[in-house]
């Protein structure tokens with residue numbers, strides 16, 4: 001069928017021309033569909049008014065997916081020049097409530113809608129050129145640079161959905177119905193929900209790297225779980241079934257709500273589902289761009305807290321152990337329903353992938369085995385906070401897709417909604433949201449004697465991240481002093497007699513130097529490209545402690561807890577903050593510092609010369625720039641032609657220090673002789689990495 005929205009493609013083909021054509025079609029179909037969604041907005045003002053306080057205005061999301069392509073293609077080495085550095089910094093980060101998301105509107109000078117539309121045209125042309133002309137090696141897998149192209153497309157599919165949710169939360173004056181996003185017009189008598197048995201069995205999750213379609217990092221790995229027999233509701237909970245909870249005073253009964261849920265309910269003043277609108281003629285339902293008379297047989301849209309409170313109420317009413325399903329139980333239900341991937345050449349037997357409607361539909365419209373809507377219609381909240389499968393690894397060009405959500409506060413949603421497209425519509429997909437968020441999500445309930453449990457997510461088990469946690473906050477080895485602490489001591493000594501109001505720790509990693517500098521400076525900002533790194537700094541600033549696992553020997557590990565109080569850093573917790581950022585393309589707000597530290601950073605940048613030529617703009621005149629590096633130039637991080645030293649020039653050795661002097665000399669002077677500072681990184685109990693980093697201090701003179 002030619003009217004189907006293209007599915008996520010198989011990437012294991014062997015014909016280059018076919019693959020280029022497939023990806024070109026998929027990219028342009030997604031890019032166009034995303035832009036068409038924004039035609040729902042009635043005027044330019046609609047782009048700049050926030051639908052909800054916890055998210056950016058929609059102008060951000062209009063630009064975000066386009067800049068994502070450029071930023072990731074640069075990292076993958078498929079392009080080597082930016083289109084608009086200002087846009088590609090402004091629209092790069094800020095889509096969740098993470099501590100490093102900069103949602104302060106004072107830091108943004110949004111462009112016009114037309115300027116951003118023009119930028120999107122430029123991005124389309126660049127991606128089209130890459131797909132058409134850049135060398136391609138097949139198949140496209142996790143390590144292939146072309147993975148970044150599919151990543152960009154699937155990322156835009158995600159924001160097709162999240163942007164539609166924000167439009168649904170916008171004031172009606174700012175949105176309008178569109179023919180290509182037509183809601184369901186069918187509604188009837190709501191069916192009575194019943195419980196059906198789901199026999200015991202094994203839930204198998206995770207997929208291998210050899211899987212032929214694109215996947216996000218959290219999908220890979222292995223998990224097998226024995227699931228005991230349970231019962232599950234035949235239908236998703238409908239608006240009518242949820243009405244009984246509302247009319248029974250469920251929103252007023254504190255005992256039905258968890259502590260976290262009660263906090264949300266009181267803060268939001270919630271008395272009924274967010275998308276229910278009380279009018280003179282009765283309940284209405286808010287859709288993406290209009291209000292309609294309440295379709296009582298459609299699934300209710302709620303957040304996790306509301307779904308959880310309903311289950312508590314239902315348990316009291318029935319005397320049964322009613323709760324939300326776990327992720328394992330959802331996969332067991334998926335198997336029992338006999339489901340597989342949605343077909344590529346015909347409409348799905350599910351309200352998913354925009355195959356049928358641009359809204360929910362009756363809960364008894366799509367039978368899947370004995371159940372209905374195991375996939376599709378609305379996402380289904382689970383009891384399971386997202387966690388990594390065994391064998392989990394982050395992707396090097398998007399290492400913060402999932403890891404920031406391994407915090408116990410993001411619960412998995414399963415099954416997809418009516419607008420879940422591409423990877424979102426695959427059963428292997430694993431998306432998680434904060435429990436108070438709305439995401440075209442509802443729920444079904446289960447009855448089970450088993451208590452819902454999730455694997456331990458609280459000890460950081462990422463090997464590289466754990467090594468850096470120990471490097472920054474752990475023990476000293478072989479008499480070598482803690483490296484970030486030693487750098488802070490050198491910095492503080494160099495700042496004697498100089499202003500010490502603000503400092504910037506660029507490439508802060510897990511943040512020890514950020515805290516150490518705060519002993520001297522009034523405020524210190526740590527910035528790192530990796531959100532998974534700065535998340536540890538955020539945890540320390542928020543809670544005063546972190547926990548992580550260290551590799552000892554083979555499968556043997558040890559567990560560590562580190563506390564700011566034990567390091568004498570408790571008093572500076574309120575003097576630091578952490579932001580995600582690209583050192584080669586920082587936001588304008590990161591300026592006016594008295595001191596900047598760039599520790600072991602320059603030989604990991606994709607364009608170190610660009611960084612060095614512009615860093616003076618971030619520093620006050622008379623301020624100090626501290627650069628440390630072991631000068632380990634590798635083409636996997638920096639193209640050979642972009643190294644600033646470590647090669648022969650005119651027949652003579654040209655060191656990185658020579659390069660630093662040549663580039664920084666226009667605005668800086670070297671204030672003292674370079675010195676070597678050693679550091680040791682623990683890999684296992686018996687394997688350590690010993691390195692010398694050269695430290696140079698530069699005063700801005702003009």
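Quick test for you: out of 183, 135, 145, 139, pick the one residue that is at pLDDT 95 or above, in contact with a helix residue (DSSP H, G or I) (Cβ under 7 Å, 6 or more places away or on another chain) and not in a helix (DSSP H, G or I).
Working: 183 fails: in contact with a helix residue (DSSP H, G or I) (Cβ under 7 Å, 6 or more places away or on another chain); 135 fails: in contact with a helix residue (DSSP H, G or I) (Cβ under 7 Å, 6 or more places away or on another chain); 139 fails: in contact with a helix residue (DSSP H, G or I) (Cβ under 7 Å, 6 or more places away or on another chain).
So the residue among 183, 135, 145, 139 that is at pLDDT 95 or above, in contact with a helix residue (DSSP H, G or I) (Cβ under 7 Å, 6 or more places away or on another chain) and not in a helix (DSSP H, G or I) is 145.
Just to be sure before I move on: is residue 682 assigned by TED's automatic domain parsing to the domain that holds residue 484 and surrounded by 17 or more Cβ atoms within 10 Å (Cβ to Cβ) in the structure I sent?
Working: assigned by TED's automatic domain parsing to the domain that holds residue 484: yes; surrounded by 17 or more Cβ atoms within 10 Å (Cβ to Cβ): yes.
Yes, satisfied.
Which of the following residues is within 15 Å of the chain's Cα centre (by Cα) and either under 19 Å from residue 168 (Cα atoms) or surrounded by fewer than 23 Cβ atoms within 10 Å (Cβ to Cβ) (or both): 427, 396? Step through it out loud before you land on a result.
Numbers: 427 fails: within 15 Å of the chain's Cα centre (by Cα).
Exactly one of 427, 396 is within 15 Å of the chain's Cα centre (by Cα) and either under 19 Å from residue 168 (Cα atoms) or surrounded by fewer than 23 Cβ atoms within 10 Å (Cβ to Cβ) (or both), namely 396.
One line per residue, one yes/no per condition, for (1) within 15 Å of residue 238 (Cα to Cα); (2) touching a helix residue (DSSP H, G or I) at 6+ places or on another chain (Cβ under 9 Å); (3) without any contact (Cβ under 8 Å) to a residue 12 or more places away in the chain:
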{"residue": "259", "(1), (2), (3)": "no, no, yes"}
{"residue": "264", "(1), (2), (3)": "no, yes, no"}
{"residue": "272", "(1), (2), (3)": "yes, yes, no"}
{"residue": "275", "(1), (2), (3)": "yes, yes, no"}
{"residue": "287", "(1), (2), (3)": "no, yes, no"}
{"residue": "293", "(1), (2), (3)": "yes, no, no"}
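Can you tell me which condition residue 75 does not meet? The list is (1) modelled with pLDDT under 95; (2) outside any helix (DSSP H, G or I); (3) over 13 Å from residue 159 (Cβ atoms), and all the others hold.
(2)
Pick out, from segment 470-553, the helices (runs of 4 or more DSSP H) lying fully within it that include 2 or more residues that are touching a strand residue (DSSP E or B) at 6+ places or on another chain (Cβ under 9 Å), farther than 18 Å from residue 627 by Cα and not assigned by TED's automatic domain parsing to the domain that holds residue 401. Full working, then the answer.
Values: elements: 483-494, 512-517, 531-543.
Of the helices (runs of 4 or more DSSP H) lying wholly inside segment 470-553, those with at least 2 residues that are touching a strand residue (DSSP E or B) at 6+ places or on another chain (Cβ under 9 Å), farther than 18 Å from residue 627 by Cα and not assigned by TED's automatic domain parsing to the domain that holds residue 401 span 531-543.
Out of 418, 381, report the one residue that is buried (at least 23 other Cβ atoms within 10 Å of the Cβ) and in a strand (DSSP E or B). Give the derivation first.
On the way: 418 fails: in a strand (DSSP E or B).
Residue meeting the stated conditions: 381.
Scan segment 334-346 and tell me whether some residue there is in contact with a strand residue (DSSP E or B) (Cβ under 7 Å, 6 or more places away or on another chain), closer than 15 Å to residue 233 by Cα and either in contact (Cβ under 8 Å) with a residue 40 or more places away in the chain or in the same structural domain as residue 238 (by TED's automatic domain parsing) (or both).
Within segment 334-346 (the criterion being in contact with a strand residue (DSSP E or B) (Cβ under 7 Å, 6 or more places away or on another chain), closer than 15 Å to residue 233 by Cα and either in contact (Cβ under 8 Å) with a residue 40 or more places away in the chain or in the same structural domain as residue 238 (by TED's automatic domain parsing) (or both)), the answer is yes, since at least one residue qualifies.
Would you mind stating whether residue 436 is surrounded by 22 or more Cβ atoms within 10 Å (Cβ to Cβ), over 24 Å from residue 340 (Cα atoms) and touching a helix residue (DSSP H, G or I) at 6+ places or on another chain (Cβ under 9 Å)?
Details: surrounded by 22 or more Cβ atoms within 10 Å (Cβ to Cβ): no; over 24 Å from residue 340 (Cα atoms): yes; touching a helix residue (DSSP H, G or I) at 6+ places or on another chain (Cβ under 9 Å): yes.
Criteria not met by residue 436.
Exactly one of (1) modelled with pLDDT of 90 or more; (2) assigned to a loop (DSSP other than H, G, I, E, B); (3) within 30 Å of residue 573 (Cβ to Cβ) is unmet by residue 98. Its number?
The single condition residue 98 does not satisfy is (1).
For segment 607-638, how many residues are surrounded by 18 or more Cβ atoms within 10 Å (Cβ to Cβ) and assigned to a loop (DSSP other than H, G, I, E, B)?
Here the count works out to 4.
Looking only at segment 526-546, count how many residues are under 24 Å from residue 396 (Cα atoms) and in contact (Cβ under 8 Å) with a residue 60 or more places away in the chain.
Of the residues in that region, 10 qualify.
Take the residues in segment 554-582 that are within 27 Å of the chain's Cα centre (by Cα) and in a helix (DSSP H, G or I); name whichever of them is nearest to residue 463 (Cα to Cα).
For segment 554-582, the residue satisfying everything is 573.
Tell me the residue from 484, 499 that is surrounded by fewer than 15 Cβ atoms within 10 Å (Cβ to Cβ) and modelled with pLDDT of 95 or more, please.
Numbers: 484 fails: surrounded by fewer than 15 Cβ atoms within 10 Å (Cβ to Cβ).
Exactly one residue qualifies, and that residue is 499.
Residue 240 versus (1) surrounded by 14 or more Cβ atoms within 10 Å (Cβ to Cβ); (2) touching a residue at least 60 places away in the same chain (Cβ under 8 Å); (3) out of contact with any strand residue (DSSP E or B) (no Cβ under 9 Å at 6 or more places or on another chain): which is the lone unmet condition?
It is condition (2) that residue 240 fails.
Testing residue 344 on (1) at pLDDT below 95; (2) in a helix (DSSP H, G or I), one condition comes back false. Which one is that?
Result: residue 344 fails condition (2) only.
Restricting to segment 547-573, give me the number of residues that are free of Cβ contacts under 8 Å to residues at least 12 places away in the same chain and under 30 Å from residue 523 (Cβ atoms).
3
Please count how many residues of segment 647-659 are in contact (Cβ under 8 Å) with a residue 12 or more places away in the chain and surrounded by fewer than 17 Cβ atoms within 10 Å (Cβ to Cβ).
So in segment 647-659, the residues in contact (Cβ under 8 Å) with a residue 12 or more places away in the chain come out as 655-659.
Still in the running and surrounded by fewer than 17 Cβ atoms within 10 Å (Cβ to Cβ): 655, 658.
Number of matching residues: 2.
Among the listed residues 357, 401, identify the single one that is in a loop (DSSP other than H, G, I, E, B) and either closer than 30 Å to residue 463 by Cβ or without any contact (Cβ under 8 Å) to a residue 12 or more places away in the chain (or both). Step through it out loud before you land on a result.
On the way: 357 fails: either closer than 30 Å to residue 463 by Cβ or without any contact (Cβ under 8 Å) to a residue 12 or more places away in the chain (or both).
Only one candidate passes the filter, namely 401.
Of everything in segment 541-562, what is at positive phi and touching a helix residue (DSSP H, G or I) at 6+ places or on another chain (Cβ under 9 Å)? Give them in sequence order. Please lay out each step first, then the result.
Quick first cut of segment 541-562, residues at positive phi only: 544, 554.
Once the filter is applied, which keeps residues that are at positive phi and touching a helix residue (DSSP H, G or I) at 6+ places or on another chain (Cβ under 9 Å), segment 541-562 yields only 544.
Residue 380 - would you say it is modelled with pLDDT of 95 or more and either touching a strand residue (DSSP E or B) at 6+ places or on another chain (Cβ under 7 Å) or under 23 Å from residue 306 (Cα atoms) (or both)?
Numbers: modelled with pLDDT of 95 or more: yes; either touching a strand residue (DSSP E or B) at 6+ places or on another chain (Cβ under 7 Å) or under 23 Å from residue 306 (Cα atoms) (or both): yes.
So residue 380 passes the test.
The values are calculated or read from the model by the stated rules, or taken from the named source; none is laboratory data. Since we're looking at a predicted model, the values are computed, not measured. Glycine also receives a Cβ, built like all others from the backbone with ideal geometry; neighbour counts cover every protein chain displayed.
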